[in-house]
Every structure is written in structure tokens, then in C-alpha cells.
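Working notes, beginning with the structure itself.
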Amino acid sequence: VARINNGSFGSCPGSVLAAQRRWQLQFLRQPDAFYFNTLRNGITASRMIIKDLINADHVDEVSLVDNATTAAAIVLQQIGHSFAEGKFKNSDTVLMLHCAFQAVKKSIQAYVTRAGGSVVEVRLPFPVNSEEEIISEFKKSITEGKSNGRKIRLAIIDHITSMPSVVIPVKELVRVCREEGIDQVFVDAAHAIGSLKVDVKEIGADFYVSNLHKWFFCPPSVAFLHCKKANASSDVHHPVVSHEYGNGLPIESSWIGTRDYSSQLVIPAVLEFVNRFEGGIEGIMERNHEQVVKMGKMLAESWGTNLGSPPEMCTAMIMVSLPSRLCLNSEEDASRLRSYLRDCHEVEVPIFYQVPKDGEDGVRDNDGCITGYVRISHQVYNTLDDYEKLRDAINQIVKDGKTCKMLCIE
């Protein structure tokens, strides 16, 4: 399979899977000794590695959780409690990008709007040509959020949006939030670590989460949540309550009942793996970026289309517009095309449907308005053949005169 979708689930090398199996067997052979003598120290060792990788001030600022969705629940739970307990007014709001991950939107629904808070969405321009376009839209939405005397209690900012995939100028947006008096900032950086440099002190958010299984070669599922020291001792708790409740988020997160903690324990093995590559993780990130841009340009040239953002606004994922002749006119068309590529051409790639704006033509190719994009990834296992399979599959559909609605999956 030409798997050019590392962004969804990541990839785990054999050496790390072997390390995970050793941890699993150690637990299963003598779980009591593992729990009392091994687990806490092993998780602390992993947290120390992450602390250094992200330039955190102290290991107590770093918690290991299952994924970015869990981290969102942790952050939004404390916001929801403040609404429910009357610390915030019902008119107060949470700010987020309109293309925030669906699980984050559902978490806002579950924890914030249910408790009386409201939401303001920042419309992300796409295709996008510059960071200034994003900053401008963000500022407009802050003005809306603060209208009628409301306060913005939390801003949720993606570091790398999922669909469409664009690198967001988080440092600049966090600075704007501080200037505008927004209470807290949560950066959802699910795709960040392993695909771009992360410096939490430089970014300056209150909360920063990134999955370790997407681009940092861990097995599913593990993520880190960084809480600035000022927040680490506040009313922030894991949504699964165990006997560690009240001992601080890092300790609460290290035991949420009997489960498999091996994915949190293999981070030293992951570090050994990435250091086998020239330049370590920095070298991997640089090469992945170079290759995904190169492959994106190759596809766009072959299809007579364009990229969804400048190369400097992508990391190891990039958006490439599809030929308008495919007539991709709905989410159902996008799903049908993705299934067709998977089942008939052994190509795995996400498809994005761009809803046309009222009264605007949008981006065009020689045949019409572009409404569909592929999000291609590049990881160390990818080869040129993967992208040529995608290129040729799309070209064959167009050559045969088929549209998305005409595709049949056998």
C-alpha cells in the first residue's frame, strides 16, 4: 500500500515495538512489582526526555496522556467547571479555529457550551498565502468574542491544522491573546513533535499538547501535555479519576487504573531509533519537509493544479489541489474517492472538500473551480513510487472521463 497518510496514525518501527513488548511482558509476569517498583520511574524517565525536547522549565510541567483528545478534555473540563460554578459569566466565550479537530469541537460541546459558555470560531482562510492572513482573521474574531462586554476565557489554537493542513503562526497568535487579555491559551499541536521544532517557552501558551505516536514513532497511543508552572498546581485534573487524584496532573496521569502503559515507557527506545538517522529527529524533520514539498509540486504539475499553502507553511504534510474535472462536490464525494483510491489502487491518502464561499469563484484550474485537495504526508518509509501511484490513479480517472460520483468500488 502506498501509505501517504502518516499524519493520521503515525508509524512505529520494529525496534520500538520490541521494546514495547518487553515492557508488556515485564508487567504481565509480575504486575505488583512492576506497579510498585518500576512504572513510576519509567514514566518519569520518559517525561524527562520530553521536557528536554520541548525546552520546558521543569519535568513537573510535563504529563503523559493517551492522546490530544484526552488533553483537550483535561483543559476544557476546568473551563467548564468555572462556568458551572459561576466563576465565569454565561456570556463569556471560548475562541477556536473553525477547522479545529472534530473531537475538540465535541469536547467544547460536552464541557463548555453544556455549562453555559459560548464559542466563537475563527475562519481560517484556505488556500492560504501568508501568515498575515491568519493573524488578521484571528484578530477580527477576538473583537467579535469581546463584543457586548464578554470575556474570552480560553483560546484554542492549532499549531498544525489537520484538514486542511497548514502551519499556524502560534507564537504570534499567543502574543496577540496576551495583549487582548484572554485568560488562557491552549495549543492543540497534535501533529507537531517530530515534524517541527517545539519550544514551549518561546511559544508561551498555558497548555500545549502533541501526540507522540503521529510523527515521533511511538506506538499508539501517547501524547504529552505541557502545563506552564503557574497552571500545573491549579485545578487541572485527569478526566479519569483514580486514587492519585489531587497529587498533580503528572501523577494523576501516570495511573488511571489497570491498563497498558507500555506506550508511555518506550520513549527512550524511540530516542535511540531517531538518533540512528543523520541529524537525529531534526534531520528527519528537515528531510520529510523537503520531500513532501517536492512530491506536492510534482503532483500539482502533473494535475495542472497548485499547492494549498506556501511551502514554508507546511511541515511533513502538504495540501495539493485535485483536478476540477473530478467534480468533487461534497463530503460524500471525498469519502468515495478516498475509498476508491484505497480499494482499487492501494493508495491511502485523506481527501479534503473545500466548500465554495458564496459569491466567490475560488481557485481555478484550466477546467473549472477547484473544490478538492489531497493531504499528502512524508515519513522516512515513503518512496517516490508511493506518490507516482497516487499521481497515476488520479490521471487515469480524469483520462477515463469519470467524476467522483461515477467511481465504483469492486
- Any chance you could look up the accessible area of residue 392 with a 1.4 Å probe, heavy atoms only, rounded to 10 Å²? 80
- Note on the structure: When the chain is treated as a Gaussian network with springs between alpha carbons less than 10 Å apart, the largest mean-square fluctuation among 29, 114, 338 is found at 29
- Query: Evaluated at 4 °C with a viscosity of 1.567 mPa s, what Stokes-Einstein diffusion coefficient in µm²/s does region 290-342 have when Rh comes from the Kirkwood expression over alpha-carbon pairs?
  - Reply: 107
- Query: Rounded to a whole number, what is D in µm²/s for region 142-294 from Stokes-Einstein with the Kirkwood radius over alpha-carbon pairs (4 °C, 1.567 mPa s)?
  - Reply: 74
- Query: Where both partners of a DSSP beta bridge lie in the chain, what percent of those bridges are antiparallel, to the nearest 5?
  - Reply: 50
- Tell me, how many Å apart are the Cα centres for region 121-191 and for region 1-74? 30
- Could you check the simple spin-label distance between residue 32 and residue 133, using points 7 Å along Cα→Cβ, in nm with one decimal? 6.3
- Set of lysines near residue 214 by C-alpha distance (under 20 Å), chain-local residues within fewer than 8 positions excluded: 51, 197
- Query: Can you list the aspartates and glutamates whose alpha carbon is less than 14 Å from that of residue 399, not counting same-chain residues fewer than 8 positions off?
  - Reply: 367
- Task: Among 204, 28, 125, pick out the residue whose Cα is farthest towards the positive end of the charge dipole of region 14-274, where Lys and Arg carry +1 and Asp and Glu carry -1 on C-beta, about the Cα centre.
- Result: 28
- Task: Please report, largest first and rounded to whole Å, the three semi-axes of the ellipsoid equivalent to region 116-204, where each semi-axis is the square root of five times an eigenvalue of the C-alpha gyration tensor.
- Result: 22, 15, 12
- Which value results for Rg/Rh of the chain when Rg is the Cα radius of gyration and Rh the Kirkwood radius based on the inverse mean 1/r? 0.98
- Message: Please report the projected area of region 103-159's Cα convex hull averaged over all directions, in nm².
- Response: 4.6
- Estimated 222 nm signal from helices in the chain, with DSSP H stretches of n ≥ 4 weighted -39500 (n - 2.57), rounded to 500: -12500 deg cm²/dmol
- Query: Over the Cα atoms of region 279-406, how large are the radius of gyration and the largest Cα-Cα distance (Dmax), in Å?
  - Reply: 14.7, 49
- Message: I'd like the Kirkwood hydrodynamic radius of region 1-58, using the inverse of the mean 1/r over distinct C-alpha pairs, in Å.
- Response: 14.0
- Three principal axis extents, largest first, for the C-alpha atoms of region 332-410, in Å? 43, 30, 23
- Note on the structure: Counting only protein heavy atoms with a 1.4 Å probe and every protein chain in place, the carbon and sulfur fraction of the accessible surface of region 1-113 in whole percent equals 53
- Which helices count as membrane-span-like in the chain under these terms: full DSSP H, at least 15 Å along the axis by C-alpha, Kyte-Doolittle mean of 0.0 or more? 40-54, 68-84
- Could you rank the peptides 38-50, 178-190 by their average count of other C-beta atoms within 10 Å per residue, with the highest value first? 178-190, 38-50
- Most fluctuating residue given options 248, 308, 368, as computed from a GNM of the chain linking Cα atoms under 10 Å: 368
- Message: Suppose all protein chains stay in the model; what accessible area per residue would a 1.4 Å probe give for region 14-274, in Å²?
- Response: 40
- Given the C-alpha centroids of region 94-119 and region 293-329, what is the distance between them in whole angstrom? 30
- Task: Work from the charge dipole of the chain (Cβ charges, +1 for Lys and Arg, -1 for Asp and Glu, about the Cα centre) and give the residue of 352, 390, 99 farthest towards its positive end.
- Result: 99
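The values are calculated or read from the model by the stated rules, or taken from the named source; none is laboratory data. Because the structure is a prediction, the values reported are computed rather than measured. FYI the Cβ positions are ideal-geometry reconstructions off the backbone, even for glycines, and counts take in every protein chain you see. Ligands, DNA and RNA are excluded from the accessible area calculation, which covers all protein heavy atoms including side chains. Shrake-Rupley method; radii C 1.70, N 1.55, O 1.52, S 1.80 Å.
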